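The values are calculated or read from the model by the stated rules, or taken from the named source; none is laboratory data. None of these values were measured; they are calculated from a predicted model. Reconstructed Cβ throughout: ideal geometry from the backbone, glycine too, with neighbour counts over all protein chains shown. Just the protein is used for accessible areas: all its heavy atoms, side chains included, with ligands, DNA and RNA removed. Shrake-Rupley method; radii C 1.70, N 1.55, O 1.52, S 1.80 Å.
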Amino acid sequence: MASAMPLVLLLLCLLVTDTHGSRRVIFRSTDDSGSSPPSNAACPSMASGHSNGNKLPLVHRLNPCSPLKSSGIRKHGKAALAEILHRDSLRMRYLSEFKAAAATTTAPALSPTSASNRTAPAMPNVISSLPGVFTYTALAGYGTPTQQFPVYFDVSGMSNLQCKPCSSGSGDGTCDRAFDPSRSSTFGTIPCASPDCAVELQTSSCASGGSCTFMFRNSTFLYANGTVVTDTLTLSSAIFEDFFFGCLQADNQFFFDDGTAVGNVDLSRRHHSLATRALLSSPSGTAAFSYCLPADTDTHGFLTIAPAMSDYSSLAGVKYLPLVTNNPTAPDWYYVDLVAITIDGKDLPFPPNEFSGNGTFIDNLSSFSYLSPPIYAALRDKFRRAMAKYQPAPAFSDLDTCYNFTGINYIELPEITLKFGNGETMDLDDRQFMYFFRDHLDDGFPFGCLAFAAYPTYGYNWLGTQMQRTKEIVFDVRGGQVAFVPSRCGLR
């Protein structure tokens, strides 16, 4: 009976066959509420110096193997949908403000401060009510000798790290997880007058004083004082001397990821990012980096620094998409030229100029994919017609195309294909465009929603992490392209 189905997880066995342009998906729910998480013996080595070459294990924050497991957050299970949507809404708000600020040439992420005016504003602790804002983490080593910390990776901002001394001594131990510059023999500061200060802060002026200081703000509205510094960064076997990052003097109230991840490593195309440094120290024919995101909380992904493009040349089904580099809002981020979307082989009915020509952003911090209102409306309406035989379910926040599959042994989902400006097409896997859940309704209700939503402003589109799962994404910055590689990485 439906009421006897477990509350903890809905496991889907997705078996695909062609049925008149649709794919058949077999439901099977299994009670693993009594199962134990994988043992530590099954965990990949998370230590920076003990990974496979330049490949670092990448895990979900709720994975039992996560380096965050000692922090006190939930250790195992599926992230709640409300939590995922809350995080996405914060990301959306940040990107909206970033876009608005870019129009006035003032970015919201960083602003120079003077040595005499370095007080973070008092504000509500957004992070404490939102565990796991930054979902995928790895271990990175800083300084000489190496101090290891869990960090997340971001494709849209400068590298930062929690540093000592903290801005207040709360005595709760959070400052113990901060980088101690006094213990590193390779630590250095950047003078205010240095050209590198202006490059890193992306401003032509620097506040008076000896060091390159700034006020930091990220996509969850964490505020902190910071100083631009350099030190050695160690990621697996890759070592980057004099790596630039912001040393943040934040207390426990303004901490990364509810007091767990200690910082972030920038993978954008900025001058001092890890991607740029990787290319400077690698031969031609190498990409800046690639990643495969874990498909769920029990699987492992990876982040690879400077993979060889020849590793992918013999693989079938690889989609190579040119990078769009003319986006005026954030030219250092990663965009592809998405020009159309089809359902069951038919283009959605919206004018081609709805895609503004500035590219579709590949984001690694939001879960769902967001489209400008006319594009999303066309996708939603066509998808609803294709799913007309199934019982609709109430919308859940931004996910407004949901279905109740109670008592159904299998469902038929339409084919969704993305079309790009160079003629490439990419068929989406079921796990990329559907989100299945039942954590907010009564027991026994297997629900599913279209994993796309409308972005409130026109002309802005981005692809979230759910759409990227089951693929290895290769960022070939030198070659001006992104490769989507079919893979079973991150799957059971």
Residue pairs meeting the criteria (Cβ under 8 Å; at least 6 apart or on separate chains; first in contact (Cβ under 8 Å) with a residue 60 or more places away in the chain, in the stretch 341-352; second part of a loop (DSSP other than H, G, I, E, B) and exposed (fewer than 15 other Cβ atoms within 10 Å of the Cβ)): Asp344/Gly21; Gly345/Gly21
Check the stretch 79-91 and report whether any residue there is modelled with pLDDT under 70, buried (at least 18 other Cβ atoms within 10 Å of the Cβ) and touching a strand residue (DSSP E or B) at 6+ places or on another chain (Cβ under 9 Å). yes
Residues located in the stretch 133-155, provided they are modelled with pLDDT under 85 and out of contact with any strand residue (DSSP E or B) (no Cβ under 8 Å at 6 or more places or on another chain): Val133
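Residue by residue, here is whether (1) modelled with pLDDT under 75; (2) surrounded by fewer than 19 Cβ atoms within 10 Å (Cβ to Cβ); (3) over 27 Å from the mean Cα position of the chain (by Cα) holds:
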{"site": "Phe187", "(1), (2), (3)": "no, no, yes"}
{"site": "Thr220", "(1), (2), (3)": "yes, no, no"}
{"site": "Ala224", "(1), (2), (3)": "yes, no, no"}
{"site": "Val229", "(1), (2), (3)": "no, no, no"}
{"site": "Leu235", "(1), (2), (3)": "no, no, no"}
{"site": "Glu241", "(1), (2), (3)": "no, yes, no"}
Looking only at the stretch 373-385, decide whether some residue is assigned to a loop (DSSP other than H, G, I, E, B), buried (at least 21 other Cβ atoms within 10 Å of the Cβ) and touching a residue at least 40 places away in the same chain (Cβ under 8 Å). no
Note on the stretch 402-417: residues buried (at least 19 other Cβ atoms within 10 Å of the Cβ) and farther than 24 Å from Gly464 by Cα are Phe405, Ile411
Can you tell which of Tyr312, Tyr320 is under 20 Å from Ala278 (Cβ atoms), open to solvent by 20 Å² or more (accessible area, probe 1.4 Å) and among the hydroxyl-bearing types (Ser, Thr, Tyr)? Tyr320
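Here are some residues: Ala278, Ala288, Ala250. Which one is over 15 Å from Leu58 (Cβ atoms), at pLDDT below 90 and open to solvent by less than 10 Å² (accessible area, probe 1.4 Å)? Reasoning before the result, please.
Values: Ala278 fails: at pLDDT below 90; Ala288 fails: at pLDDT below 90.
Of the residues listed, the single one that is over 15 Å from Leu58 (Cβ atoms), at pLDDT below 90 and open to solvent by less than 10 Å² (accessible area, probe 1.4 Å) is Ala250.
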Working carefully through the options Asp266, Asp257, find the one that is of a type outside the set (Gly, Ala, Ser), at pLDDT below 65 and under 24 Å from the mean Cα position of the chain (by Cα). Asp257
Taking only the stretch 446-461 into account, find how many residues are modelled with pLDDT under 85 and polar (S, T, N, Q). 1
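Determine whether Pro322 is of a type outside the set (Phe, Trp, Tyr), at pLDDT 95 or above and either closer than 30 Å to Phe475 by Cα or outside any strand (DSSP E or B) (or both).
On the way: of a type outside the set (Phe, Trp, Tyr): yes; at pLDDT 95 or above: yes; either closer than 30 Å to Phe475 by Cα or outside any strand (DSSP E or B) (or both): yes.
Criteria met by Pro322.
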Across the stretch 328-355, what is the total count of residues that are in contact with a Gly (Cβ under 6 Å, 6 or more places away or on another chain), in a strand (DSSP E or B) and open to solvent by 30 Å² or more (accessible area, probe 1.4 Å)? 1
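Output the residues belonging to the stretch 278-302 that are under 15 Å from Val482 (Cβ atoms) and not β-branched (Val, Ile, Thr). If you could, list the steps in order and put the result at the bottom.
Keep residues of the stretch 278-302 that are under 15 Å from Val482 (Cβ atoms), which gives 279, 286-293.
Leu279, Ala287, Ala288, Phe289, Ser290, Tyr291, Cys292, Leu293, listed by residue number.
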Residues being surrounded by 18 or more Cβ atoms within 10 Å (Cβ to Cβ) and free of Cβ contacts under 8 Å to residues at least 12 places away in the same chain - total across the stretch 386-401: 0
If the Cβ limit is 7 Å and pairs must be 6+ apart or interchain, which residue in the stretch 469-480 that is under 21 Å from Phe433 (Cα atoms) and surrounded by 19 or more Cβ atoms within 10 Å (Cβ to Cβ) pairs with which residue that is at pLDDT below 95 and among the charged types (D, E, K, R)? Arg469/Arg431; Thr470/Asp429; Thr470/Arg431
